[in-house]
Amino acid sequence: MRLVSLIHFTTYLPASIKMTTKPACVFLCSVAVLLLLIGAPTAVESVTCDPSQLFPCAGSIKGSSPPSSQCCAALRSQSPCFCQYMKDPKLAPFISRARQVAAICRVSLPSCK
């Protein structure tokens with residue numbers, strides 16, 4: 001990484017130059033960390049909302065079978081999409097049972113406005 005190279009480079013500089021480069025290096029490091037934090041993608045951005053991904057939960061949501069580990073994993077990965085699914089009239093009849101299955105799986109669902 002170039003920032004690491006800059007930090008190692010400063011170890012070979014004379015003391016008079018180090019005094020002026022240290023604040024600059026601290027500033028550059030702070031800016032780099034800030035940019036990394038701002039640019040970090042969130043879970044919602046990386047999830048593709050696709051209700052067919054919940055297929056492993058069909059027996060639990062439509063019926064009364066206990067959720068499998070695959071179902072719980074699917075609910076966990078699709079949980080950021082739950083509010084979007086609630087707005088879909090085709091999926092609305094299954095929302096109540098999906099909440100129950102999510103609770104059994106200990107998957108927290110977002111509160112929707």
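Points worth noting:
- When peptides 70-80, 86-96 are sorted by average Cβ neighbour count within 10 Å, with the highest value leading, the order is 70-80, 86-96.
- P(r) weight above 16 Å for segment 51-113, C-alpha pairs, percent: 34 percent
Here, each number is a calculation from the coordinates, and none is a lab measurement. Just so it is clear, the model here is predicted, and its values are computed rather than measured. Using ideal geometry, Cβ is built from the backbone for each residue, glycine included, and neighbour counts are taken over all protein chains shown.
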